[in-house]
1. Say we look at the stretch 414-433 and pick out the residues that are part of a helix (DSSP H, G or I) and modelled with pLDDT of 70 or more; which of these is nearest to VAL591 (Cα to Cα)?
2. For SER115, which of the numbered conditions (1) surrounded by fewer than 23 Cβ atoms within 10 Å (Cβ to Cβ); (2) touching a helix residue (DSSP H, G or I) at 6+ places or on another chain (Cβ under 8 Å); (3) modelled with pLDDT of 90 or more fails to hold?
3. So how many residues does the stretch 434-492 have that are among the small types (Gly, Ala, Ser) and within 30 Å of ASN272 (Cα to Cα)?
4. Given the residues ALA434, ALA448, ALA470, which is the only one that is of a type outside the set (Asp, Glu), within 19 Å of ASP501 (Cα to Cα) and not assigned by TED's automatic domain parsing to the domain that holds ASP501?
5. Among the residues of the stretch 122-137, is any outside any helix (DSSP H, G or I) and either in the same structural domain as LEU106 (by TED's automatic domain parsing) or surrounded by fewer than 19 Cβ atoms within 10 Å (Cβ to Cβ) (or both)?
6. Can you report the number of residues in the stretch 52-80 which are in a helix (DSSP H, G or I) and within 27 Å of the chain's Cα centre (by Cα)?
7. Quick check on my filter: what residues within the stretch 548-569 are at pLDDT below 80 and crowded, with 22+ Cβ neighbours inside 10 Å?
Amino acid sequence: MNKFWNFTDKNSERELHLNGAISEETWWGDEVTPAAFKADLQSGTGDITVWINSHGGDVFAATQIYNMLKEYSQNSGKVTVKIDAIAASSASIIAMAGDTILMSPLAHMFVHNPSTIAIGDSAEMLKVKALLDSVKESIINAYEMQTGLPRDKLSMLMDAETDMTAQVAVSMGFADGIMYQDGENHAIKIPSSVLNNTRICQQKVFNSLLNKINKTGGFQPMEDKILKLRDDCSRVTEEALAFIENNNGGENWTDSDNETYAKMEKQIATLNNEIDRLERATKLKESLTVPANPTVKAILNNPQTPVKSTERESGFWNYVRGISPISNDLALAPDSKGGYLAPDEFHRQLVQALEEHNVMRRICRIISTSSGELQIPVVASRGTAAWLGEAEEISTSDTEFGQVTLNAHKLGTMIKVSQELLDDSEFPLDSFMADDFGRRLGVLEEEAFIVGDGTNKPTGFLTTAPSIDAAGATITFDDVMSLFHELKPPYRNKAIFLCNDTTVKSLRQLKDNSGQYLWQASLMAGTPSTLLGHPVHVSRFMPDIAAGASVLAFGDFSYYWIADRKGRTFKRLDELFQTTDQIGFKATQRVDGKLILPEAVKVLAIADE
């Protein structure tokens, strides 16, 4: 049987050797199946060492191996991964399954974006793009669990097709140590001089990107170039919108009209892609000014870029548990009402919990403000052009600007924790509080971001987004197509659908005129299904299908801005629940949200009876 894996028993310890390509041919063929690999893996128990020497291959095959090794680690024995030559592409995913990951001093690890070959029309290509994007997010999950690096930084490493030596991989958290010191297989303590060389190596990768960006000669500052591209993109977008308005709103266009507008769309897409590329490069440059891994930062002892304030962190949790009185360490971040701002690490946990419980935070633009009010200039009306006769005067037609104000509405909740749990040092108080506060605040936020009336709460997008009426009491294929084309083309590139689960049930049953279902189920857990090639997100706060209800939204939700005022405040309430031997904790935050450009989102409403 032709396999790319091989199990051996050595000195009563199990070893698994993964060699060569992880390909569809060998993994999904008639002889070798996931079941066969699982049978080999589960044929014994105890600790296992996984040797990897592979340039990668099929990501779904690698995903199954990763899951099987993780299950083995939880139920049968410790998994140690040893990379003896290379773990590239999907093989690097498998490497992340190890409880301990070691690399030969000569080994390399290589990470990059997923790729594939596809044939089809533009709609099929959009589906392929969506699939590759979702596969990338899944791969980042494995890297994030191992390294602890931010997702945007991991994404940039994949974009840059990063090749890591053993030292680089350890410094960034992809591996735990380097093999073969004094004949032992354990981690080498890496001196700071080597880590500095690691940073130089990373800088070389970035410099090569800069050389490509500026290969025409004459270096132009990245920020200036991005600003110029944004100006160009804004100008072309204005021209495209004016072209639509001056040519029957897109109806009854000639072939020449379609060709002209297609060129404008292509130019806008090219400019946006160039802006995204330069912004990623800028972020990568910023990330390379300090080591990427918190452990490396600590080794280099760089006080200018601390991972977190250890003193403030311990002071905060001592205050929460009631172990010690308020200390000077905690007083680094007091709140005017007697509470204390959450330390950075707990704040990140809470934001993650908010995103898990609030779909709007996953699809909208999040900004942070230090003040209670933010003024956002927006285009209220656009200037126009006109045909002129001989010597006819040109009339004035200026673009007018309006202003959207984001305030800071206060949101609060309170939980009770028993004194026994606070006294138990093993109880994960930080994750418990982050999840509980995140669930409570996230649910209330999501409701306000969708249906809020703006009175002491954010303004929901359903309050301001323009709507069209469905033809009847249910949603039909024609209704969905009308909603799709009601949204102006510039906003469709990043558009998504949003509805509740009851509406999803109706959408899944829709077919086009050829009898094909519009709904495309997701192939990856955790990624949204698609409708007309665009992701569908679900919120319980979108209305049910009923007369007069706005049931389906479609648009670019990056134009819904969520403004977080910096700092979330927590206060311990010692006396309030003393009769039940419980301690209360109050959490408050300030947030606002508004759809700053209403035309970016369209809503389908069921007509009144």
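1. Only one residue fits best here, namely MET433.
2. SER115 satisfies every listed condition except (3).
3. 4
4. Exactly one of ALA434, ALA448, ALA470 is of a type outside the set (Asp, Glu), within 19 Å of ASP501 (Cα to Cα) and not assigned by TED's automatic domain parsing to the domain that holds ASP501, namely ALA448.
5. no
6. 13
7. Within the stretch 548-569, ARG568 is the sole residue that qualifies.
Condition check ((1) within 27 Å of GLN167 (Cα to Cα); (2) modelled with pLDDT under 70) across all residues:
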site	(1), (2)
ASN19	yes, no
ASP30	no, yes
VAL50	yes, no
ASN53	yes, no
GLY57	yes, no
PHE60	no, no
SER90	yes, no
MET96	yes, no
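The values are calculated or read from the model by the stated rules, or taken from the named source; none is laboratory data. Predicted model, so just to flag it, every value in this text is computed and none were measured. A quick note on method: Cβ atoms are made from the backbone with ideal geometry, for glycine too, and the neighbour counts reach across all protein chains shown.
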